[in-house]
Amino acid sequence: MTSIRFPKEFAWGVATSSYQIEGAANEDGRGESIWDRFSKTPGKVEDGTSGDVACDHYHRFREDIALMKSLGLKHYRFSVAWPRILPTGRGRVNQPGLDFYGRLVDALLEAGIEPFVTLYHWDLPQVLQDEGGWTRRSTAEAFAEYAGVVARALGDRVKKWITHNEPWCASMLSHYEGRHAPGLKDYRAALAASHHLLLSHGLAVPVIRAASHGAEVGITLNLMPCEPASPSAADHEATRRFDGYFNRWFLDPLFGHHYPADMVADHIAAGHLPPEGFTVVKPGDLEAIAVKCDFLGVNYYNRAVLRSDKVPEAQNEPRKVFVAPEKDWTEMGWEVYPDGLRDILLRVHLDYRPRKIYVTENGASYSTPPGADGRVRDEKRLVFLRDHFVAAWRAMEAGVPVAGYFVWSLMDNFEWDRGYSQRFGIVWVDYKTQQRIPKDSALWYRSVIAENAVQVP
Ligand code: FCB
């Protein structure tokens, strides 16, 4: 066994999000979100379920915090549900909603767990969607208002803020690929949404800083290392496009480089943008988006290996194929590729130089159930996490300033369009009884945190 030691202050944590765990969809004045609407639209969620009850965390948060404490966790990333705070998106504040997060934060601090708060993990108030949602500039302004309300209420106790989780998903996956709420298939809408999401980040950062003295503020992107399936020029071209679509479209403007010119040109050529270009971008927007942040959050799950024959020229459609053998896939159909984490961390560090990086999500879907003795032997998840921790450490050895790591997820939960069929938790949830059982991976993670080191065979 080799012992891989992490720096003293390294932040080990777990992550969740509001719609995926809270339940209590109609309680204490919560408004409807686009995920309530979407999940209740037949055919949108694989198993026909919704987050109405989920893990019932809204009622069981004290139990869940006690569980985290028993696992030795010192950092917890969760999100605030906008429709609990502003049921109509802007204007009237719903005090019971704010009070819930106040109680949650107090209970965390009492348990010695530092809260990392994500303001937007996809549950947009439906009323804002009815006005056009993220395709409208007014939604970016509403987000800044919402961020201010939350930061003023919690900012004395919360000192780590993440404006957005995965704007690629909130724009492209949900407005162009149609797989997430609001379920559109419109590239123009997706591009407008991406800009307003980034703009809302830029508007919110100073608002949060003003309300939460000494806070660190950042944004979380989901990133994929991209590589061509062959040395052919065509596969390289497919890789440029997919990298532009998935990574650079978000990284470039956040780090002051404007939207990538090659992508803008492609979009104009394909008719996704008018000949005048990306006209939703107004004077001052790019400066606002490039506001200096304290950290970048990176969510990593897998890589993309690009083949030109999967990228129809005419439609400019990015498509990816994974070349890994089937045995190396998780139940999401995602390839297990730990080196990709090291690669993407190095690339972000070299190309963009964020002050600090947190891996804000990484984890695996395996549905291993409890055995007859009640124990959940999720060896595959344990190995998955171990190998990814080592990959992050390798990036750190090469100079990448990684400050912490949040496993997705604390517990099994509502996995968006895949419903409850996918289990990412290190804690098993029995949805009938709401019983929680720490899996073997959770018990192993407890020892990693305690030793601040990973043992590798
Ligand atoms: C990420 C999401 C998170 C979860 C994981 C599996 O894209 O941020 O909510 O669904 O994937």
Answer yes if at least one residue in the range 24-33 is in contact with an Asp or Glu (Cβ under 7 Å, 6 or more places away or on another chain) and within 15 Å of the ligand (Cβ to nearest atom), and no otherwise.
-> yes
Scan (1) within 16 Å of the ligand (Cβ to nearest atom); (2) more than 17 Å from the chain's Cα centre (by Cα) for the single condition residue 375 breaks and write down its number.
-> (1)
Considering only the range 422-442, state which residues are assigned to a helix (DSSP H, G or I) and either under 24 Å from the mean Cα position of the chain (by Cα) or modelled with pLDDT under 95 (or both).
-> 441, 442
So residue 220 clears everything in (1) within 14 Å of the ligand (Cβ to nearest atom); (2) in a helix (DSSP H, G or I); (3) surrounded by 22 or more Cβ atoms within 10 Å (Cβ to Cβ) except one condition, right? Which one?
-> (2)
Please indicate, with yes or no, whether at least one residue in the range 201-212 is of a type in the set (Ser, Thr, Tyr), within 22 Å of the chain's Cα centre (by Cα) and surrounded by 19 or more Cβ atoms within 10 Å (Cβ to Cβ).
-> no
Name the pairs whose Cβ atoms lie under 9 Å apart, with the first residue in the range 156-179 and over 18 Å from residue 39 (Cα atoms) and open to solvent by less than 20 Å² (accessible area, probe 1.4 Å), the second within 12 Å of the ligand (Cβ to nearest atom) and in a loop (DSSP other than H, G, I, E, B), and 6 or more positions between them or separate chains?
-> 162/121; 164/121; 165/17; 165/121; 165/122; 166/121; 166/122; 168/223
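Considering only residues of the range 223-242 that are out of contact with any helix residue (DSSP H, G or I) (no Cβ under 8 Å at 6 or more places or on another chain) and open to solvent by less than 50 Å² (accessible area, probe 1.4 Å), which is farthest from residue 260 (Cα to Cα)? Reasoning before the result, please.
Step one: filter the range 223-242 for residues out of contact with any helix residue (DSSP H, G or I) (no Cβ under 8 Å at 6 or more places or on another chain), giving 230-231, 233, 236, 239, 242.
From what is left, the residues that are open to solvent by less than 50 Å² (accessible area, probe 1.4 Å) are 230, 239, 242.
Working: 230: 24, 239: 14, 242: 12 Å.
Checked the range 223-242; the qualifying residue farthest from residue 260 (Cα to Cα) is 230.
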Close pairs from the range 265-277: first without any contact (Cβ under 8 Å) to a residue 40 or more places away in the chain, partner surrounded by 12 or more Cβ atoms within 10 Å (Cβ to Cβ) and among the small types (Gly, Ala, Ser), Cβ under 8 Å, at least 6 apart | 268/277
Tally time: how many residues in the range 50-63 are closer than 19 Å to residue 158 by Cα and charged (D, E, K, R)?
-> 1
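Quick check on the range 381-421: of everything there that is among the hydroxyl-bearing types (Ser, Thr, Tyr) and under 16 Å from the mean Cα position of the chain (by Cα), which residue is surrounded by the fewest Cβ atoms within 10 Å (Cβ to Cβ)?
First, the residues of the range 381-421 that are among the hydroxyl-bearing types (Ser, Thr, Tyr): 405, 409, 420-421.
From what is left, the residues that are under 16 Å from the mean Cα position of the chain (by Cα) are 405, 409.
Values: 405: 26, 409: 24.
Of everything passing the filter in the range 381-421, 409 is surrounded by the fewest Cβ atoms within 10 Å (Cβ to Cβ).
Which one of 376, 407 is in contact (Cβ under 8 Å) with a residue 24 or more places away in the chain and either assigned to a loop (DSSP other than H, G, I, E, B) or small (Gly, Ala, Ser) (or both)? Even if it seems obvious, please write down each step before you answer.
Values: 407 fails: either assigned to a loop (DSSP other than H, G, I, E, B) or small (Gly, Ala, Ser) (or both).
Testing whether each residue is in contact (Cβ under 8 Å) with a residue 24 or more places away in the chain and either assigned to a loop (DSSP other than H, G, I, E, B) or small (Gly, Ala, Ser) (or both) leaves just 376.
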Would you pick out the residues in the range 247-262 that are touching a helix residue (DSSP H, G or I) at 6+ places or on another chain (Cβ under 7 Å), closer than 22 Å to residue 173 by Cα, surrounded by fewer than 21 Cβ atoms within 10 Å (Cβ to Cβ) and of a type in the set (A, V, I, L, M, F, W, C)?
-> 251
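Taking the range 406-439, which residues are within 10 Å of the ligand (Cβ to nearest atom) and either among the charged types (D, E, K, R) or in contact with a helix residue (DSSP H, G or I) (Cβ under 7 Å, 6 or more places away or on another chain) (or both)? Talk me through it step by step, then tell me what you get.
At the first step, the residues of the range 406-439 found to be within 10 Å of the ligand (Cβ to nearest atom) are 408-409, 413-418, 422, 424.
Matches in the range 406-439: 413, 414, 415, 417, 418.
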Consider only pairs whose beta carbons are under 6 Å apart and that are at least six residues apart or on different chains; among these, list those whose first residue lies in the range 411-428 and is of a type in the set (Phe, Trp, Tyr) and whose second residue is near the ligand (Cβ under 8 Å from one of its atoms).
-> 414/20; 424/363; 424/365; 424/408; 424/409
Residue 342 vs (1) closer than 28 Å to residue 417 by Cβ; (2) buried (at least 21 other Cβ atoms within 10 Å of the Cβ); (3) not hydrophobic (A, V, I, L, M, F, W, C): all pass except (1)
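Quick one: how many residues across the range 264-290 are charged (D, E, K, R), within 28 Å of the chain's Cα centre (by Cα) and surrounded by fewer than 14 Cβ atoms within 10 Å (Cβ to Cβ)?
Count: 2.
The values are calculated or read from the model by the stated rules, or taken from the named source; none is laboratory data. Computed from a prediction, not measured in an experiment: that's the story for all the values here. Neighbour counts run over all protein chains shown; Cβ positions are idealised from the backbone, glycine included. Surface accessibility is based on the protein's heavy atoms, side chains included, excluding ligands, DNA and RNA. Shrake-Rupley method; radii C 1.70, N 1.55, O 1.52, S 1.80 Å.
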